[in-house]
Ligand SMILES: [Zn+2]
């Protein structure tokens with residue numbers, strides 16, 4: 001089997017199956033190529049969003065030839081849904097999972113062994129049981145499909161340990177051709193999938209991430225009441241069904257109440273509600289009794305409502321994968337719909353908190369373990385009560401970790417272990433990956449580029465136009481631009497060339513600005529580079545703007561995925577060699593951008609105005625508010641603490657807790673001696689962190705403009 005299949009069309013038999021069994025008169029982009037490659041016996045990696053026909057792409061080749069297809073799927077709800085759909089189409093399919101009666105499971109397996117099934121769905125943990133592994137060889141599996149394949153990657157947003165054993169299961173089946181499908185895989189994740197499943201030169205298709213029928217918008221707004229008003233306004237602007245996503249249960253409830261007060265038929269949907277209530281809400285929404293559902297991310301799995309006209313995110317999602325998936329529930333019928341993200345820079349803090357809670361650090365896990373050892377048992381009604389100084393979620397996550405590590409036995413006994421029971425290095429990597437994904441989400445929110453193009457870049461979809469007529473950035477008139485001096489352009493290009501493919505925009509901007517960042521401090525040689533500080537006096541946002549322009553002008557290339565680095569494009573190299581001239585302009589009217597500027601001491605809190613395209617819908621002002629200086633200092637101190645905590649791989653609160661940090665921010669001590677007056681600052685901490693804290697406080701004024709940007 002060679003790469004020939006790539007250009008081939010599906011066989012006549014496959015087209016007949018698509019038409020006769022599934023009622024399809026035409027195949028979607030990507031489907032035809034994937035089907036042809038699978039028919040040719042190739043391994044396939046198919047990345048396309050939910051609702052774009054991934055299942056059909058492996059169903060059709062499976063039915064066009066004889067044999068059994070084994071499908072590994074992580075969610076019972078998804079398995080059940082697929083089996084129902086196949087049976088409705090008259091295809092013999094069954095699932096085996098833990099929520100079935102033992103008798104039913106046995107019957108499904110017997111049917112598969114007798115050759116009475118075409119599809120068998122199983123959960124990944126099932127494959128790992130020795131008895132099942134023996135069965136695999138007898139099943140005569142002709143195709144092996146891995147659904148939600150991103151779960152295999154620790155770079156992904158949904159890593160599952162059981163997925164790591166799938167390569168073994170494929171071998172146990174006699175190594176049939178493997179098809180891996182997923183809705184969310186960045187290039188790093190794709191590489192991981194391919195390596196961990198031991199795919200052989202997989203035929204890879206990434207498609208469907210740009211849905212031009214969806215208008216993408218971001219509105220910056222304050223938290224609290226203003227977000228409620230923005231949601232109400234958006235719901236009023238677009239007729240038809242709307243989904244509103246919130247980060248927390250209480251925000252769901254609050255938003256639903258506010259909408260109902262406006263006379264909108266709205267209800268909340270979240271994990272805190274009983275099953276029957278949830279299904280009543282879902283039914284009412286599907287049947288038209290409710291116009292708006294306000295939900296946590298719990299809503300949407302397996303829900304396919306074609307005519308949702310608007311998806312509003314009241315709170316910032318954890319990553320672009322999550323955002324794209326949730327927003328993509330709009331406009332499934334192909335008619336126009338709107339996806340609105342409300343955002344506030346402080347939202348990042350909430351997500352960081354969630355991440356910290358889900359990936360507790362070594363000290364936290366150790367403290368929980370010690371407390372459980374002292375208590376002698378771990379199956380207590382309230383384990384969080386043992387360590388009242390720790391956050392409940394962090395305690396629960398620690399208990400789960402210790403349980404998986406074998407330190408907590410099923411009977412409730414706590415085992416005394418020697419050595420570290422948990423692989424903290426891996427935990428640290430997972431946490432870092434989650435933070436990197438959050439950075440990318442933040443970059444999307446603040447981006448001035450085409451939002452569709454940005455999403456395509458993230459997922460690595462090729463050949464997408466750099467501008468569109470369906471996002472706020474492309475629809476809104478841009479502020480007046482001013483030319484950037486050629487020397488500045490060349491300095492930026494030299495910087496990109498020097499770190500080719502190794503640095504992202506934030507760090508490179510810090511080098512060009514000659515900023516006193518931790519990264520720069522740790523690498524004294526950076527100061528010797530001729531472009532270090534070449535853009536001193538520029539605001540960070542302006543430097544980032546310049547780098548974005550260089551990407552747009554194809555002088556610089558941006559890598560894909562969670563950690564996009566910058567590299568020099570051939571055109572950029574030509575400029576550096578003096579073979580090509582180039583003029584670049586960046587927005588000059590925005591207070592965040594001062595291309596030729598002297599340091600802008602007079603420009604505090606330089607917030608970028610949010611685009612307000614008339615074509616998209618009317619909108620109120622975007623909530624520029626002066627922040628209390630204490631608050632600003634507090635935020636900057638928190639960033640400093642976060643950076644230090646990450647660098648030293650320790651829990652942030654062990655440096656200073658929030659209360660102490662807040663008091664420092666309020667008092668604004670001018671010296672280490674003054675700092676010692678603050679409650680919670682002892683001599684040891686003052687000598688260790690005093691200078692750094694005073695330094696941060698001194699920088700507050702200077703850094704105010706950079707606050708909305710991410711920390712370095
Ligand atoms: Zn656009």
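Find how much the distance from residue 392 to residue 28 grows on full extension, using 0.36 nm per residue of separation minus their present alpha carbon separation; answer in nm with one decimal. Show your work: numbers first, answer last.
Numbers: separation 364, 0.36 × 364 = 131.04 nm, distance 4.68 nm.
Between residue 392 and residue 28, full extension yields 126.4 nm more.
How high is the relative contact order of segment 4-206, in percent, with contacts defined as C-alpha pairs under 8 Å that are six or more residues apart? Display every interim value, and only then the final one.
Details: 343 pairs, mean separation 55.1, N = 203.
Relative contact order of segment 4-206: 27 percent.
Express the Stokes-Einstein translational diffusion coefficient of segment 72-155 in µm² s⁻¹, to the nearest whole number, given a Kirkwood radius over alpha-carbon pairs, 25 °C and a viscosity of 0.890 mPa s.
Numbers: Rh = 13.4 Å.
Here the translational diffusion coefficient equals 183 µm²/s.
Quick one: Debye curve from the alpha-carbon atoms of the chain only, equal weights, vacuum; give me log10 I(q)/I(0) at q = 0.08, 0.09, 0.10 Å⁻¹ to two decimals.
Rounded to two decimals, the profile gives -0.73, -0.93, -1.15.
By count of other Cβ within 10 Å, fewest leading, how are 441, 100 ordered? Intermediate values should be presented prior to the final figure.
Numbers: 441 23, 100 16.
Ascending number of Cβ neighbours within 10 Å: 100, 441.
Report the label-to-label distance for residue 65 and residue 274 in nanometres (one decimal), using points 7 Å from each Cα along the Cα→Cβ vector.
Distance between the two pseudo-spin positions: 5.2 nm.
Sorted from largest down, give the three principal axis spans of the alpha carbons of segment 217-370, whole angstrom values.
Principal extents (largest minus smallest coordinate, Cα): 54, 36, 31 Å.
If I model a spin label as a point 7 Å beyond the Cα along the Cα-Cβ vector, how far apart are those points for residue 225 and residue 684 in nm?
Each label point is offset 7 Å from its Cα along the Cβ direction, giving 4.6 nm.
What translational D, rounded to a whole number of µm²/s, comes out for segment 4-206 from Stokes-Einstein when the hydrodynamic radius is the Kirkwood one over Cα pairs, at 25 °C and 0.890 mPa s?
On the way: Rh = 16.8 Å.
For these conditions, the coefficient is 146 µm²/s.
Express the relative contact order of the chain as a whole percentage, based on alpha carbon pairs under 8 Å and six or more residues apart in sequence. All intermediate terms of the calculation are to be shown ahead of the outcome.
Numbers: 1176 pairs, mean separation 71.3, N = 712.
Relative contact order for the chain comes out at 10 percent.
Please compute the volume of the convex hull spanned by the alpha-carbon atoms of segment 89-244 and report it per residue in Å³. Write out the running numbers ahead of the final one.
Values: hull volume 31.5 nm³, N = 156.
Residue-normalised Cα hull volume stands at 202 Å³.
Can you sort 350, 214 by how many other beta carbons sit within 10 Å, fewest first?
Values: 350 16, 214 21.
In order of increasing Cβ crowding within 10 Å: 350, 214.
How far apart, in nm, are two points set 7 Å out from the Cα along the Cα-to-Cβ line at residue 415 and at residue 87?
4.0
List residues of segment 371-415, by number, whose backbone nitrogen lies under 11 Å from a label position 7 Å along Cα→C-beta of residue 644.
From segment 371-415, the list is empty.
Over segment 1-107, calculate the relative contact order: mean separation of alpha carbon pairs under 8 Å at least 6 apart, over the residue count, as a percent. Intermediate values should be presented prior to the final figure.
On the way: 80 pairs, mean separation 25.1, N = 107.
Reported as a whole number, the value is 23 percent.
Limiting things to C-alpha atoms, what are the Rg and the maximum Cα-Cα separation (Dmax) for segment 12-99, in angstroms?
12.9, 39
Suppose R0 equals 22 Å. What FRET efficiency, 1/(1 + (r/R0)^6) with r the Cβ-Cβ distance, do residue 250 and residue 283 give to the nearest 0.05?
Details: r = 24 Å, r/R0 = 1.10.
Efficiency for this residue pair is about 0.35.
Counting other beta carbons within 10 Å of each residue's own, what order do 538, 519 fall into, fewest first?
Numbers: 538 27, 519 16.
Sorted ascending by nearby Cβ count, the order is 519, 538.
Once the piece of chain linking residue 107 and residue 165 is laid out straight, how much longer is it, given 0.36 nm per residue of separation minus the C-alpha distance between them?
Values: separation 58, 0.36 × 58 = 20.88 nm, distance 2.52 nm.
So the extension gain works out to 18.4 nm.
Return the tail of the calculated pair distribution for segment 467-585, meaning the percent of Cα-Cα pairs more than 21 Å apart. Before the final figure, lay out each step's value.
Numbers: 2697 of 7021 pairs.
The answer is 38 percent, as a whole percent.
List the equivalent ellipsoid semi-axes of segment 351-422 in whole Å, largest first, each obtained as the square root of 5λ for an eigenvalue λ of the Cα gyration tensor. Spell out each step's value before the answer.
Working: eigenvalues 72, 36, 21 Å².
Semi-axes from the Cα gyration tensor: 19, 13, 10 Å.
If I histogram all Cα-Cα distances within segment 247-315 using bins 10 Å wide from 0, what percent of pairs lands in each bin?
20, 60, 20
Values in this text are rule-based calculations from the coordinates and carry no lab data. Predicted, not measured: the structure shown is a model, and the values here were computed from it. Positions of Cβ are generated from backbone atoms using ideal geometry, with glycine treated the same way; all protein chains shown enter the neighbour counts.
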